[in-house]
Every structure is written in C-alpha cells, then in structure tokens.
Amino acid sequence: MILTLNVNGRKREISISPDEYLLDVLRKLGYLSVKRGCDTGSCGLCTVLVEEKPVLSCSTLAVRAQGKKITTIEGCQEEAKRFAEFMAAEGAEQCGYCAPGFTLTVLALMKENENPTDEEILHYLNGNLCRCSGYISQLRAIKNFMEAEKR
Ligand code: FES
Ligand code: FES
C-alpha cells in the first residue's frame with residue numbers, strides 16, 4: 001500500500017506493508033534521529049509527535065499515521081538547539097542517545113502546559129528513559145528552558 005505522511009511540513013509518500021511500524025518507515029524516509037532503543041514500548045527513544053502529541057513510533061503501525069502531521073527532531077532544529085544549551089548548562093546529558101525523543105516530549109509538554117509543576121513535568125516525561133544522567137539535572141534544564149522561552 002502507499003502511505004502518505006506529512007513529515008515536518010513536507011508531504012512524503014512511500015510504499016509499505018501493512019504491518020510496518022512508523023519507526024521503520026520514518027527511518028526509511030531518512031529521518032534517522034528516530035531511534036530504536038527497546039522495541040517494547042518502555043524507553044521512549046523512538047518518540048515522535050503525531051498531531052503534536054508524543055507517540056512511541058516503535059509500537060505504532062505506520063498505517064495509523066496515514067495523512068497525519070508527524071514531527072521529528074529534524075523538523076524543530078531551532079527549538080532543539082535552544083533546549084540543548086540548557087541541558088548542557090545543567091550537565092544533564094551525556095551520550096545524547098535519548099535526546100531526540102526526550103526533546104520532542106518536552107516541546108509537546110510546553111504546548112500543552114505552559115506552567116507545569118515539577119510533578120507534572122516528571123509525569124509527562126516518565127516514558128523517556130535516560131541511561132546516563134540523573135533526572136534531577138534534566139528537570140532543572142527543562143524548567144530553565146521553559147522559563148526562558150516565555151520571554
Ligand atoms: S524503542 Fe523503546 S519505546 Fe520505542
Ligand atoms: S544522555 Fe545517554 S541515554 Fe540519555
């Protein structure tokens with residue numbers, strides 16, 4: 001079947017089989033920031049935004065995204081770069097493998113809730129695991145970033 005997606009504002013068409021997952025289709029299309037970590041829906045590395053909401057692409061059939069607006073980190077480089085500066089300032093990142101999915105989830109949270117509490121931030125991010133750093137420094141970076149983006 002032919003799948004039509006809107007990825008980062010660009011219409012993309014690709015021939016797929018009905019049992020393919022969105023993660024694999026996006027990688028075939030060249031969006032290599034979308035990574036596989038666990039394949040069991042537990043790590044959040046494969047997170048992309050579908051209609052602005054975080055979705056685990058490793059466990060979402062690509063056909064379910066037919067005609068939908070998909071955002072990967074390639075589509076929000078400016079915001080991602082700004083956020084990365086706050087992460088670096090807090091020493092909140094090491095290998096960076098979790099960064100694309102983590103950053104997209106933070107950007108989605110910002111759109112949904114401009115003034116989240118610490119608990120709301122931790123709850124929203126609880127599906128995005130990081131094997132390297134402590135979550136407290138990430139929490140500080142998120143709060144500082146969100147505050148700066150309001151100005
Ligand atoms: S690859 Fe781990 S949740 Fe998708
Ligand atoms: S910085 Fe290495 S997995 Fe998060």
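From Gln66, Gln77, grab the single residue that is under 27 Å from Asn144 (Cβ atoms), open to solvent by 50 Å² or more (accessible area, probe 1.4 Å) and not basic (Lys, Arg).
Step by step, each of Gln66, Gln77 is checked, and only Gln77 is under 27 Å from Asn144 (Cβ atoms), open to solvent by 50 Å² or more (accessible area, probe 1.4 Å) and not basic (Lys, Arg).
How do the pairs read when you match residues in the range 123-151 that are near ligand 2 (Cβ under 10 Å from one of its atoms) with residues anywhere that are in a helix (DSSP H, G or I) and open to solvent by 30 Å² or more (accessible area, probe 1.4 Å), using Cβ under 6 Å and keeping only pairs 6 or more apart or on different chains?
Cβ pairs passing all conditions: none.
Report, by residue number, each residue of the range 90-137 that is open to solvent by less than 50 Å² (accessible area, probe 1.4 Å), outside any loop (DSSP other than H, G, I, E, B) and either of a type in the set (Gly, Ala, Ser) or within 16 Å of ligand 1 (Cβ to nearest atom) (or both).
Ala99, Pro100, Gly101, Phe102, Thr103, Leu104, Thr105, Ala108, Ser137
Go through the range 37-51 and report how many residues are more than 16 Å from ligand 2 (Cβ to nearest atom) and either surrounded by 15 or more Cβ atoms within 10 Å (Cβ to Cβ) or within 10 Å of the chain's Cα centre (by Cα) (or both).
3
Residue pairs, Cβ under 8 Å, 6 or more apart or interchain, first in the range 17-41 and farther than 18 Å from Thr71 by Cβ, second part of a loop (DSSP other than H, G, I, E, B) and more than 14 Å from ligand 1 (Cβ to nearest atom). List them.
The qualifying pairs are Ser17/Met1; Pro18/Met1.
Considering only the range 8-21, I want to know if a residue exists there that is within 14 Å of ligand 1 (Cβ to nearest atom), out of contact with any Phe, Trp or Tyr (no Cβ under 8 Å at 6 or more places or on another chain) and under 15 Å from Gly127 (Cβ atoms).
no
The values are calculated or read from the model by the stated rules, or taken from the named source; none is laboratory data. None of these values were measured; they are calculated from a predicted model. Glycine gets a Cβ as well: all are built from the backbone with ideal geometry, and neighbour counts include every protein chain shown. Side chains are part of the model used for accessible areas, which takes the heavy atoms of the whole protein and leaves out ligands, DNA and RNA. Shrake-Rupley method; radii C 1.70, N 1.55, O 1.52, S 1.80 Å.
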